[in-house]
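S.K.: I'd like to ask some things about the structure below.
Please treat every number below as a calculation from the coordinates, not as lab data. Being a predicted model, the structure only gives us computed values, none of them experimental. As a convention, Cβ positions derive from the backbone with ideal geometry for all residues, glycine included, and neighbour counts pool all protein chains shown.
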Amino acid sequence: MMRRTALASLLMLLAACGLQPLYGGGSSSSVAGLLRSVDVGPIAGQQGWLVRTKLLDRLGESGTAPAQYRLDVTLDDNITSYGLRANRAATQERRTLRARYQLVDLASGTVVLDDTAGSDASIDVVSSDYATVAAEQSALENLSGILADQIVARLAIYAARTSHRQ
């Protein structure tokens, strides 16, 4: 009985703090509506193709609603060697993938959101060049997913904040 009372009190406090679920309302919410209305522009290079594909996957039903926004993304992909052996050969690499993205309101041409996202991964450099290249590619694929998650989360926060102002 004491546990139920404590749990009920905790739930009441949580409800009073003003927190609301980001995707409350499911597919009919303002957040889902905005995400469906985003057209992802082309992004240059293999990295761009990967990030764009991940973004389209995470935006869900993107393209099913008339586009109200365009997402422009510019990437910076960098591999840095470190952890040098006595013969100056690298033992580690760090792959860093950064994105600058802008959400453009198509009706007005105004940039309504301008932000960055990024992540990095450490890669072991081994004696096999093939294994090292494969590790670099796997890191790129993972980083692309992380960037897409960060961007879509930020778009969802933007949608939730702007829907309360309207």
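S.K.: May I ask which residue of 102, 113, 91 lies farthest towards the positive end of the charge dipole of the range 54-113, with charges of +1 (Lys, Arg) and -1 (Asp, Glu) on Cβ and the Cα centre as origin?
M.R.: Selected residue: 91.
S.K.: Restricting the count to DSSP beta bridges whose residues both fall in the range 23-165, what percent are antiparallel, rounded to a multiple of 5?
M.R.: Values: 28 of 31 bridges.
If we restrict to bridges inside the range 23-165, about 90 percent are antiparallel.
S.K.: Here's another thing I want to ask about it. Report the normalised scattering of the range 23-165 as log10 I(q)/I(0) at q = 0.13, 0.17, 0.21, 0.22 Å⁻¹, calculated by the Debye formula with identical scatterers on the alpha carbons.
M.R.: Log10 of I(q)/I(0), two decimals: -0.62, -0.89, -1.21, -1.30.
S.K.: Still on this structure, please answer the following. Between residue 124 and residue 5, what length in nm is gained on full extension when 0.36 nm per residue of separation is reduced by their alpha carbon distance? Each step should come with its number before you reach the end.
M.R.: On the way: separation 119, 0.36 × 119 = 42.84 nm, distance 5.27 nm.
Residue separation times 0.36 nm, minus the Cα-Cα distance, leaves 37.6 nm.
S.K.: Please compute the modelled spin-label separation between residue 56 and residue 142, points set 7 Å along Cα→Cβ, answer in nm with one decimal.
M.R.: Each label point is offset 7 Å from its Cα along the Cβ direction, giving 2.5 nm.
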